[in-house]
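**Student:** A single structure is presented below for examination.
The values are calculated or read from the model by the stated rules, or taken from the named source; none is laboratory data. All values derive from a computational prediction rather than experimental measurement. Cβ: placed from backbone, ideal geometry, glycine included. Neighbour counts: every protein chain shown. Note: accessible area is taken over every heavy atom of the protein model, side chains too, but ligands, DNA and RNA are not part of it. Shrake-Rupley method; radii C 1.70, N 1.55, O 1.52, S 1.80 Å.
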Amino acid sequence: MKFFYKYYIIFLALLFCKKVAIAQDPNFSQFIASPLSINPALTSDGESIWRAMSNVRTQSVGIGSTYITQSLSIDGKLKKLDDDNYLGIGGLVIAEKAMDGIFKSTYFNINTSYHLSLDNKGNGLAVGLGYINNNTRIDFSQLSFDQQLSSIGFDRALPTGEPTLSNATSFSSACAGIMFTHNVENTFFNIGAAGYRFVKSNRSILDDKTQYISPRYDIHGDFGTSLNENVNLNFSAVHMMQNGTSNTSIGASFGILHSSDNYNSDQSRLINLGMFYKLGNAIVPYVGYAYNNFQFGLSYDVNVSPYKSGSVTSRSFEISFMYRVFDSNNSIRRGRYYSPF
């Protein structure tokens, strides 16, 4: 009885929560490992010619089942127009799972970008466009409703009493973004803005036309520089706005080079140590390690929200992976090679 009651309560929370709650997109503490979910103009940005990124977030609250969010993206430089200008292409998949797989949501995004050099001083402009598709499914056969309660317990063979339920909902939309970049020998900076789903999209398992998912708008910035031949510093920030609510994340990380004389070595090793802060929500310690073209990151959310939940404790871990391919004809610049984006 307690097992079914737990899932029934979780389901009701998902089903009947306010629009503000259902409108929030998934976001990561390590947003540096999911740039395509922040701005399509970040597609193919950076020193590498191709890169693959993955992020796995597990979040649990009290006795509820673990909420898992996974992302996988691949992007790269599709066509080089000259020494400084190029076209980029990339794709992103975000999969969410809750209630031991009863709730599943899949988000797919494909982007194109154009990176233009504005002058010979390292200033540039990038624009990006993308297509979005989302599909959400709920397996009602694994849920129990009060109409199914009998003298012997819950009998899921009985009618649910909810004839209007739909087990799937989906929508398609578009995204676009723009970004200014400044990139010199050992320092880079970018700042950009993007919008996702410019048209409100209906999303309801009750066939309720008043329930929708609203557009989302992002502002982000990233700065990286080489303090010396062995230490790299990065600052990153993102601010997301959606349906009258917003969240902001900022962070900094140090990359400490060891077992190598310079960043151009094929045997470079880098220890990454950092801290992120979700304003009013969580402090996120971060540790990572880079081995040649591979990069790994681990973080844990320390809850500092003023909203308490009694004895219930929220636990959130994230792990990220990155693999990048570089052009052997180009030198790798300090301050840029191990940048988050």
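**Student:** Pairs of Cα atoms under 8 Å, at least six residues apart: use those to get the relative contact order of the range 39-143, whole percent.
**Tutor:** 25 percent
**Student:** Now a separate question. What ranking, highest mean first, results for peptides 112-121, 229-238 when packing means the other Cβ atoms within 10 Å averaged over each residue?
**Tutor:** Per-residue mean Cβ counts within 10 Å order the peptides as 229-238, 112-121.
**Student:** Rounded to the nearest percent, how much of the accessible area of the range 56-118 (1.4 Å probe, protein heavy atoms only) is carbon and sulfur?
**Tutor:** Details: 1860 of 3070 Å².
The computed percentage sits at 61.
**Student:** In addition: In the structure displayed, which of LYS79/LYS104; LYS97/LYS278; LYS80/LYS104 lie more than 32 Å apart, Cα to Cα?
**Tutor:** Flagged as over cut-off: LYS79/LYS104; LYS80/LYS104.
**Student:** Write down the accessible area per residue of the range 26-135 in Å², having rolled a 1.4 Å probe over the full set of protein chains. List each step's numbers first, then the result.
**Tutor:** Working: 4430 Å² over 110 residues.
Dividing the accessible area of the range 26-135 by its residue count gives 40 Å².
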